[in-house]
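The values are calculated or read from the model by the stated rules, or taken from the named source; none is laboratory data. It should be emphasised that the depicted structure is a prediction, and the values quoted were computed from it without experimental measurement. Positions of Cβ are generated from backbone atoms using ideal geometry, with glycine treated the same way; all protein chains shown enter the neighbour counts. For accessibility, only protein heavy atoms count, side chains too; no ligands or nucleic acids. Shrake-Rupley method; radii C 1.70, N 1.55, O 1.52, S 1.80 Å.
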Amino acid sequence: MMNMQTSYLNLNLKNPIIVASSGLTKSADKIIACEEAGAAAVVVKSLFEETLAQEEWGAAGHAEAYEYLRAELGKQYGPRDYCALLEAAKKKVTIPVIASINCVSDKWWPDYARQMEASGADALELNVYALPTDPSQRPGEAEQIYVDILVAVKARVKIPVALKIGRYFSNLTHLAAVLGRAGLDGLVLFNRFADLDMDVDKMQLQTSFTFSHEKEYHEALRWIALLSGKVSCDLAATTGIHTGVEVIKMLLAGARAVQIASLFYQKGLGQIRPMLEEIEAWMKRQQCENLSDCIGKLSFVNSQTPEIYLRSQFMEKIRGWD
Ligand SMILES: Cc1cc2nc3c(=O)[nH]c(=O)nc-3n(C[C@H](O)[C@H](O)[C@H](O)COP(=O)(O)O)c2cc1C
């Protein structure tokens, strides 16, 4: 019997497949379905910072009073529905349940993190999306917000904290190292965002969202491999993972787990078992008894040909097309 266990955020996972934060994890019943389908853990649909602000206190009013109210009331009441969901899910499943907050600041909400911990969350994933739009802001200043958010949350909870981030940073390797020193437990690469579009007849802006497709995993693969062994936190991969082989690739690059949404939306949670079978068949071929032994085997620091990770320009020689 092959052993597919892995450890991520100090949590023992029976296999590396986590159902990513999405509508697939937005209720206790859906989380039960994830467990029944064979998922090793779930990240619950994010609680959005903006929603919290609007729903609980209304966005109108005096800015200063509003800030104060948010801070004070937030401490007392917190995100009730979200905590109730965590409590209900924790009673019904044995797999780890990771709470998620989508945030853009460290201003007033980090006390919610403590309430999520109290509600039984096994870990917390912060889905941070701070788009730098101010030309006078230096890259380091724009990236400091990620560190500030992490530090504010780590000061309030004991459960492991992961950050789920996008792909555009001036030096992701540096940021990841700084976050690791600030106590980050896990880094999830890379989040996938809605696209901006336009309706040219109505002269209006739009956002559109499409599910990922199979070839979208390469960027996460490269960066997981580049960071593996260089940062102190665990790495998890998300975006474009659609097959068991792609799960294996992420592990070989250095990920301890993967987070999948699009595939399960499109083809159902029933995809988990065939993926696990694909991984098991590969382990047999490789005579690998413990999947965790494979983590990072082809990472930048362990690969025999690390320079390939650095090549992204088209070179005919690489493909033998000259
Ligand atoms: C319908 C949908 C809703 C999502 N909602 C969230 C969310 O609330 N919070 C979050 O961090 N990620 C959210 N995501 C992103 C997923 O968690 C995942 O990281 C991303 O879709 C990439 O994985 P995939 O290629 O397997 O879809 C959502 C994705 C989808 C498809």
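Overview of values
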{"quantity": "Å² of accessible area per residue within the chain, as computed with a 1.4 Å probe and no ligands counted", "calculated": "51"}
{"quantity": "Per DSSP, loop chymotrypsin sites (Phe, Trp or Tyr not before Pro) in segment 228-322 with at most 12 further Cβ within 10 Å", "calculated": "PHE314, TRP321"}
{"quantity": "Gain upon complete extension [VAL245, ARG167; 0.36 nm per residue less C-alpha separation]", "calculated": "25.8 nm"}
{"quantity": "Label-point separation in nm, ASP293 to LEU196, each point 7 Å along Cα→Cβ", "calculated": "5.0"}
{"quantity": "Peptides ranked, highest mean first, by Cβ atoms within 10 Å: ranges 98-111, 160-173, 204-217", "calculated": "98-111, 160-173, 204-217"}
{"quantity": "Mean-position separation - Cα centroids, segment 142-190 and segment 245-270, in angstrom", "calculated": "22"}
{"quantity": "Heavy-atom accessible area ranking, 1.4 Å probe, most first, across LEU184, LEU221", "calculated": "LEU221, LEU184"}
{"quantity": "Whole-percent pair-distance distribution, where bins are 20 Å wide, for the alpha carbons of the chain", "calculated": "30, 58, 12, 0"}
{"quantity": "Considering only segment 6-319, percent of DSSP beta bridges that pair antiparallel, nearest 5", "calculated": "20"}
{"quantity": "Accessible surface of LEU291 - all protein chains present, 1.4 Å probe, nearest 10 Å²", "calculated": "0"}
{"quantity": "Accessible surface of the chain, 1.4 Å probe, proportion on carbon and sulfur as whole %", "calculated": "50"}
{"quantity": "Within a Gaussian network of the chain (alpha carbon springs, distance under 10 Å), most fluctuating of LYS92, LYS202, LYS26", "calculated": "LYS202"}
{"quantity": "Translational D in µm²/s for segment 166-250 (Stokes-Einstein at 4 °C, 1.567 mPa s, Kirkwood Rh from C-alpha pairs)", "calculated": "89"}
{"quantity": "GLU280-ALA182 pseudo-label distance in nm [points 7 Å out on the Cα-to-Cβ vector]", "calculated": "4.2"}
